[in-house]
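One structure below.
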Amino acid sequence: IRAFNLPLLEYPGFEADDVMGTLARIAEQQNILTYLVTSDKDFLQLVSPLIKVYRPGKQGDDDEILDESGVIEKFGVGPERVIDILALTGDSSDNVPGVPGVGPKSAEPLVQLYGTVENIYDHLEDIKQAGLREKLRKNRELAFLSKQLVTIHTQVPVTENVHELKARPKDTVRLLQFYRELEFKSLARRLEEVSAAAAPMETNSAAVVHSDIKTSAHSYIVIDSESAYKDFTRIFRAAPLFVFDTETTSADPLRAELVGLSFCFAPHTAYYLPVSGASAVDQGGGTLFDTAPDPASRASFAVTPEQLAKDLKSVFEDERIKKFGQNIKYDMLVLMQIGIFPRGIAFDTMIASYLLRSDGKHSLDALAAEHLNYRMVSFDELTENGRKDIRTIPVHEVGAYSAEDADITFQLGDILHNRMGVAGMRPLCDDIEFPLISVLATMEHTGVRIDVPFLASMSKQLEQQLTGLIHAIHEEAGEQFNINSTQQLAAILFDKLNLRKVRKTKTGYSTDVSVLESLQGEHPIIDRILEYRQLSKLKSTYVDALPRLIHPGTRRLHTSFNQAVAATGRLSSSDPNLQNIPIRTEVGRSIRKAFIPGSPDMLILSADYSQIELRVMAHIADDAGLQEAFKAGEDIHTSTAARVFGIPAAEVTKEMRRKAKEVNFGIMYGIGAYGLATRLEIPQTDAKDIIARYFERFPGVNNYIAKTIAQARHDGYVSTLSGRRRYIADINNKNANIRGNAERQAINMPIQGTAADMIKRAMIDIQREFESKKLRSRMLLQVHDELVFEVHKKEVEDVRQTVLHLMKSAFPLSVPLEVEVGIGENWLEAH
């Protein structure tokens, strides 16, 4: 709004409604016709000959303009009595309660007769309808509270002159900054085109704003000679801490070529060190850029990767010298490729920003704009939206760009470090998130070996199964068609076979998984289509894709673990995502067979927390019943079923246990009667009864849910036991569905987030123990509650005991932690 130069009024302590009402009355006194654009009914109290309400239409309805006659037609009274009508009927969209049981048909005659709510209550005994009289008597306080809530106060101390509340020329530079940050590419392009056409008019204001955004004086030094390099290395070796950043040719750190490094030791001063390597045109035809580098792009001085490792390795690997960075794991992995293994990672601005507000933006450009009011040169600007290879750009431009990255990261480090302290999150950073960076970098660098021949054989088998399914589906349909075409499939299912139509989309009737699952049992073709889709996805996403992702140098598969994606604090995996390999089907489980140790003297070890989130819930909710069951080593679902259904554990049937299991896991996600009824395929009344009995037997859980939702409403966020926060933006939303979803997030996050913190701490402890003992065994993967290792056969027992002990002791709870450990020739066998 400010970038568009639209007037924006904010008065602490006053609602927007009151500000609008005051402005309308001021304008009215000056004989100015005013339109209030709103759907809120309470604004109709302001309507006068010079004030009208413009109500935008919803879902295709026409817009509506209400004047005094329109208010009378809608409410049966004039604008001055609207608040009295609403005081009686309430307004659910604004959480105004009104008098329960009193609607417009009852309220209008009362207000027409008596005028105000106050006068109605003065003549309460005169109201003939006994039922209405009793409702009013019982809810007197609600009626007066409601009137207070809907009354718009028009005495806000507004200082602005209404004649000056006009839109001015937009701030194009600032708007472009926002558009780029938010990746509104088409809007940015359109604004650039308009700005170029109107350049003479916009030049001055744009220049002023640009100088406002970018005011920092700095010294960025490109190291361009042997003597300058020697001077730099002296500074480098003496620094107690520094920021470093790499410039490379790829977003994949394990396939990227190092072009240069930037360093910052103090704010506003940074160094760029060019690194020599292959040019943009000597990649054996593999490059996308076939233009020879401009001579100006060639650095007059550059160190080789070998020289870099020789001269700087000892400082990078010194634990005592602290390193800062933005997404520093990427830069660590780049350096690992040339033999430098950084240690002493003390701060990451991206992760710090994520911890402070997981729902925010964490790119360096966005953080600079937010915290420093500084507009950086973006990578897109440097490379002309990727059209230029960084190796073809003049070294002084790359140097300035890279040095700016290091400098801004250093400045942000100070700011974010202080904010972490204010938010009480330094222990979370120092004990968990920052130490974890090195653990994840090591795991990603190690990678995991894949049995390619096994996957090739599996691919052929799946191809045969898919061919058979296609033939069977065509037979059921009575004709051949493209199963992968949603439109052709819809025509078969809903037009030819006349199956029940579930949901319509813009292009026709939906055939997505949820629709097909709802149609199961109505025709044999449905089960076959679901099986076809499942096998087809497994084949394309994993069986055929994984071998293509194997690194040509290491001959192993390298995934990326992301700390700044999931709002609960869980790690996510990408490129490829190894946490989504399905394990509920035999084919899905078989894919895990392809994950094997790297040599014949190694085995795969899997360690999996047992029911970790239920145990965390028992601890956080402080529920005696759940804690007692876990301490006694009982099967928690059988124990829950026995308590909920009021029978001995020995009499619990499989069906009862299944229901209890759904409730146990569902409660952590804020499940309601409708959700449980859907999962268990039982009437909603039965589901409601089961949940009621669950809360009766486990009152601590019920208290936890109520307390957590109340806390979220008050604070705007919920926390894990480690102090990790998740802000719940919609916890007070007026829309019940949106608010309900926010409440479920609030209930789940402290549980899932604490479990995530727990396994992260275990990973850090295990990695340190492996390094301390100089073990050859290595941690390979983390899949939510499971850790996967490549273990040397001579170290199996040592590793097993170490992992068991450190996972169980990572985060003491009021209930015992259990860890299931398996060992085998592949991941499936170990799991």
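Out of the range 565-597, which residues are open to solvent by 40 Å² or more (accessible area, probe 1.4 Å) and of a type in the set (A, V, I, L, M)? Give the derivation first.
Just the residues of the range 565-597 that are open to solvent by 40 Å² or more (accessible area, probe 1.4 Å), to begin with: 565, 570, 575, 577, 580, 582-584, 586, 589, 593.
If the condition is that a residue be open to solvent by 40 Å² or more (accessible area, probe 1.4 Å) and of a type in the set (A, V, I, L, M), then V565, I583 are the ones that fit.
Find the residue count for the range 778-807, including only residues that are under 23 Å from I432 (Cβ atoms) and buried (at least 17 other Cβ atoms within 10 Å of the Cβ). Give the steps one after another, and end with the answer.
Of all residues in the range 778-807, those under 23 Å from I432 (Cβ atoms) come to 778-789, 799, 802-807.
Remaining after also requiring buried (at least 17 other Cβ atoms within 10 Å of the Cβ): 778-789, 799, 802-803, 806-807.
Number satisfying all stated conditions: 17.
Grab the strands (runs of 3 or more DSSP E) fully contained in the range 717-820, keeping just those with 2 or more residues being closer than 25 Å to S358 by Cα and either at pLDDT below 95 or of a type in the set (S, T, N, Q) (or both).
Output list reads 717-719, 725-727, 778-783.
Can you name the residue in the range 536-564 that is surrounded by 14 or more Cβ atoms within 10 Å (Cβ to Cβ) and among the hydrophobic types (A, V, I, L, M, F, W, C) and is also nearest to G360 (Cα to Cα) among such residues?
It comes out as A564.
Could you list all residues from the range 24-49 that are more than 21 Å from D84 (Cβ to Cβ), open to solvent by 40 Å² or more (accessible area, probe 1.4 Å) and in contact with a Ser or Thr (Cβ under 7 Å, 6 or more places away or on another chain)?
E28
Let's see how each residue does on (1) in contact with a Leu (Cβ under 9 Å, 6 or more places away or on another chain); (2) open to solvent by 50 Å² or more (accessible area, probe 1.4 Å); (3) not acidic (D, E):
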{"site": "T708", "(1), (2), (3)": "no, no, yes"}
{"site": "Y717", "(1), (2), (3)": "no, no, yes"}
{"site": "A736", "(1), (2), (3)": "no, yes, yes"}
{"site": "R739", "(1), (2), (3)": "no, yes, yes"}
{"site": "A742", "(1), (2), (3)": "no, no, yes"}
{"site": "I747", "(1), (2), (3)": "no, no, yes"}
{"site": "I751", "(1), (2), (3)": "yes, no, yes"}
{"site": "M763", "(1), (2), (3)": "yes, no, yes"}
{"site": "S772", "(1), (2), (3)": "no, yes, yes"}
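Find the residue count for the range 607-644, including only residues that are of a type in the set (A, V, I, L, M, F, W, C) and open to solvent by 50 Å² or more (accessible area, probe 1.4 Å).
Initial filter on the range 607-644 (of a type in the set (A, V, I, L, M, F, W, C)): 607, 612, 614, 616-618, 620-621, 624, 626, 629-630, 632, 636, 641-642, 644.
If we keep only those that are open to solvent by 50 Å² or more (accessible area, probe 1.4 Å) as well, we get 624, 632.
Number of matching residues: 2.
Considering the range 12-23 alone, what residues qualify as being open to solvent by less than 90 Å² (accessible area, probe 1.4 Å), on the phi < 0 side of the Ramachandran plot and out of contact with any Ser or Thr (no Cβ under 9 Å at 6 or more places or on another chain)?
Kept after step one, since they are open to solvent by less than 90 Å² (accessible area, probe 1.4 Å), are these residues of the range 12-23: 13, 16-23.
Pick out the ones that are also on the phi < 0 side of the Ramachandran plot and you get 16-23.
A16, V19 - these are the residues of the range 12-23 that are open to solvent by less than 90 Å² (accessible area, probe 1.4 Å), on the phi < 0 side of the Ramachandran plot and out of contact with any Ser or Thr (no Cβ under 9 Å at 6 or more places or on another chain).
Being touching a Ser or Thr at 6+ places or on another chain (Cβ under 6 Å) and surrounded by fewer than 20 Cβ atoms within 10 Å (Cβ to Cβ) is the requirement here; does L187 meet it?
Working: touching a Ser or Thr at 6+ places or on another chain (Cβ under 6 Å): no; surrounded by fewer than 20 Cβ atoms within 10 Å (Cβ to Cβ): yes.
No, not satisfied.
Of everything in the range 218-256, what is closer than 16 Å to V395 by Cβ and of a type in the set (S, T, N, Q)? Give them in sequence order.
S225, T246, T248, T249, listed by residue number.
Residues to consider are N703, N664; find the one that is in a helix (DSSP H, G or I) and open to solvent by 50 Å² or more (accessible area, probe 1.4 Å). Let's see the steps before the verdict.
Values: N664 fails: open to solvent by 50 Å² or more (accessible area, probe 1.4 Å).
Answer to the selection: N703.
How many residues are surrounded by 15 or more Cβ atoms within 10 Å (Cβ to Cβ) and either modelled with pLDDT under 95 or of a type in the set (A, V, I, L, M) (or both) when one looks only at the range 270-282? Walk me through it before giving the result.
Step one: of the range 270-282, the residues surrounded by 15 or more Cβ atoms within 10 Å (Cβ to Cβ) are 270-277, 279-281.
Next, only the ones that are either modelled with pLDDT under 95 or of a type in the set (A, V, I, L, M) (or both) stay: 270, 273, 275-277, 279-281.
Count: 8.
Suppose we filter the range 439-478 for residues that are surrounded by fewer than 18 Cβ atoms within 10 Å (Cβ to Cβ) and on the phi > 0 side of the Ramachandran plot; how many remain?
So the count comes out to 1.
Do you know which of the residues in the range 667-689 that are β-branched (V, I, T) and open to solvent by 10 Å² or more (accessible area, probe 1.4 Å) is farthest from I709 (Cα to Cα)? Outline the logic, then answer.
Taking the range 667-689 first, the residues β-branched (V, I, T) are 667, 671, 678, 682, 685.
When the remaining residues are screened for being open to solvent by 10 Å² or more (accessible area, probe 1.4 Å), the result is 671, 678, 682, 685.
Working: I671: 14, T678: 24, I682: 28, T685: 24 Å.
Top of the filtered list is I682.
Per-residue answers, yes or no, for (1) open to solvent by less than 60 Å² (accessible area, probe 1.4 Å); (2) closer than 30 Å to L8 by Cβ; (3) outside any strand (DSSP E or B):
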{"residue": "G70", "(1), (2), (3)": "yes, yes, yes"}
{"residue": "G131", "(1), (2), (3)": "yes, no, yes"}
{"residue": "L136", "(1), (2), (3)": "yes, no, yes"}
{"residue": "L145", "(1), (2), (3)": "no, no, yes"}
{"residue": "Q155", "(1), (2), (3)": "no, yes, yes"}
{"residue": "K166", "(1), (2), (3)": "no, yes, yes"}
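Do you know which residues across the range 821-831 are open to solvent by less than 50 Å² (accessible area, probe 1.4 Å) and in a loop (DSSP other than H, G, I, E, B)?
N826
Does S69 qualify as being among the hydroxyl-bearing types (S, T, Y) and within 24 Å of A167 (Cβ to Cβ)?
Values: among the hydroxyl-bearing types (S, T, Y): yes; within 24 Å of A167 (Cβ to Cβ): no.
Taking the combined requirement at face value, the residue does not satisfy it.
Mind listing whichever residues of the range 749-777 are in contact with a strand residue (DSSP E or B) (Cβ under 9 Å, 6 or more places away or on another chain), of a type outside the set (A, V, I, L, M) and farther than 20 Å from P435 by Cα?
Correct list: P750, R776.
Out of all the residues in the range 1-40, which are in contact (Cβ under 8 Å) with a residue 60 or more places away in the chain, in a helix (DSSP H, G or I) and over 15 Å from H163 (Cα atoms)?
D17, D18, V19, G21
Inspect the range 116-129 for any residue being open to solvent by 20 Å² or more (accessible area, probe 1.4 Å), in a loop (DSSP other than H, G, I, E, B) and under 19 Å from K41 (Cα atoms) and give the result as yes or no.
Yes, because at least one residue in the range 116-129 is open to solvent by 20 Å² or more (accessible area, probe 1.4 Å), in a loop (DSSP other than H, G, I, E, B) and under 19 Å from K41 (Cα atoms).
So, in the range 384-405, how many residues would count as being closer than 13 Å to V222 by Cα and in contact with a Ser or Thr (Cβ under 7 Å, 6 or more places away or on another chain)?
Within the range 384-405, the first condition is being closer than 13 Å to V222 by Cα, and the residues that meet it are 394-404.
Narrowing further to those that are in contact with a Ser or Thr (Cβ under 7 Å, 6 or more places away or on another chain): 394-395, 402-403.
Summing the residues that are closer than 13 Å to V222 by Cα and in contact with a Ser or Thr (Cβ under 7 Å, 6 or more places away or on another chain) in the range 384-405 gives 4.
Of all residues in the range 719-734, count the ones that are of a type outside the set (S, T, N, Q) and either without any contact (Cβ under 8 Å) to a residue 12 or more places away in the chain or surrounded by fewer than 20 Cβ atoms within 10 Å (Cβ to Cβ) (or both).
Taking the range 719-734 first, the residues of a type outside the set (S, T, N, Q) are 721, 723-731, 734.
Applying the additional criterion that residues be either without any contact (Cβ under 8 Å) to a residue 12 or more places away in the chain or surrounded by fewer than 20 Cβ atoms within 10 Å (Cβ to Cβ) (or both) yields 721, 723, 727, 729-730, 734.
Residues that pass the stated criteria total 6.
Kindly evaluate S358 against the criterion of being buried (at least 16 other Cβ atoms within 10 Å of the Cβ), under 17 Å from R174 (Cα atoms) and either among the polar types (S, T, N, Q) or at pLDDT 95 or above (or both). It would help to see each step written out before you state the result.
Numbers: buried (at least 16 other Cβ atoms within 10 Å of the Cβ): yes; under 17 Å from R174 (Cα atoms): no; either among the polar types (S, T, N, Q) or at pLDDT 95 or above (or both): yes.
It is false that S358 is buried (at least 16 other Cβ atoms within 10 Å of the Cβ), under 17 Å from R174 (Cα atoms) and either among the polar types (S, T, N, Q) or at pLDDT 95 or above (or both).
I'd like to know if the range 323-339 contains one or more residues that are touching a helix residue (DSSP H, G or I) at 6+ places or on another chain (Cβ under 7 Å), open to solvent by less than 10 Å² (accessible area, probe 1.4 Å), at pLDDT 95 or above and in a strand (DSSP E or B).
Residues of the range 323-339 touching a helix residue (DSSP H, G or I) at 6+ places or on another chain (Cβ under 7 Å): 324-329, 332-333, 335-336, 338-339.
Cutting the leftovers down to open to solvent by less than 10 Å² (accessible area, probe 1.4 Å) gives us 325, 328, 332-333, 335.
Then drop every residue that is not at pLDDT 95 or above, which leaves 325, 328, 332-333, 335.
Next, from what is left, pick out any that are in a strand (DSSP E or B): 325.
Checked the range 323-339: at least one residue is touching a helix residue (DSSP H, G or I) at 6+ places or on another chain (Cβ under 7 Å), open to solvent by less than 10 Å² (accessible area, probe 1.4 Å), at pLDDT 95 or above and in a strand (DSSP E or B).
Considering only residues of the range 504-519 that are modelled with pLDDT under 85 and under 12 Å from T486 (Cβ atoms), which is surrounded by the fewest Cβ atoms within 10 Å (Cβ to Cβ)?
Out of the qualifying residues, it is K506.
Exactly one of (1) at pLDDT below 90; (2) closer than 25 Å to I127 by Cβ; (3) open to solvent by 40 Å² or more (accessible area, probe 1.4 Å) is unmet by D62. Its number?
Every condition holds for D62 apart from (2).
Among the residues of the range 667-698, count how many are small (G, A, S), touching a residue at least 40 places away in the same chain (Cβ under 8 Å) and in a helix (DSSP H, G or I). If you could, list the steps in order and put the result at the bottom.
From the range 667-698, those small (G, A, S) are 670, 672-673, 675, 677, 687, 692; that's our starting set.
In the following step, the residues that additionally are touching a residue at least 40 places away in the same chain (Cβ under 8 Å) were identified as 670, 672.
Of the ones still in play, those that are also in a helix (DSSP H, G or I) are none.
Total satisfying the criteria: 0.
If you take the residues in the range 558-611 that are among the charged types (D, E, K, R) and within 23 Å of L804 (Cα to Cα), which one is farthest from the chain's Cα centre (by Cα)? Lay out the reasoning, then the answer.
Taking the range 558-611 first, the residues among the charged types (D, E, K, R) are 570, 575, 584, 586, 589, 592-593, 601, 608.
From what's left, within 23 Å of L804 (Cα to Cα): 570, 592, 601, 608.
Values: R570: 10, R592: 28, D601: 41, D608: 25 Å.
Checked the range 558-611; the qualifying residue farthest from the chain's Cα centre (by Cα) is D601.
The values are calculated or read from the model by the stated rules, or taken from the named source; none is laboratory data. Since the model is a prediction, treat every value here as computed from it, not as a measurement. For neighbour counting, all protein chains shown are included, and Cβ atoms are generated from backbone atoms with ideal geometry for every residue, glycine included. The accessibility values were calculated without ligands, DNA or RNA, using every heavy atom of the protein model including side chains. Shrake-Rupley method; radii C 1.70, N 1.55, O 1.52, S 1.80 Å.
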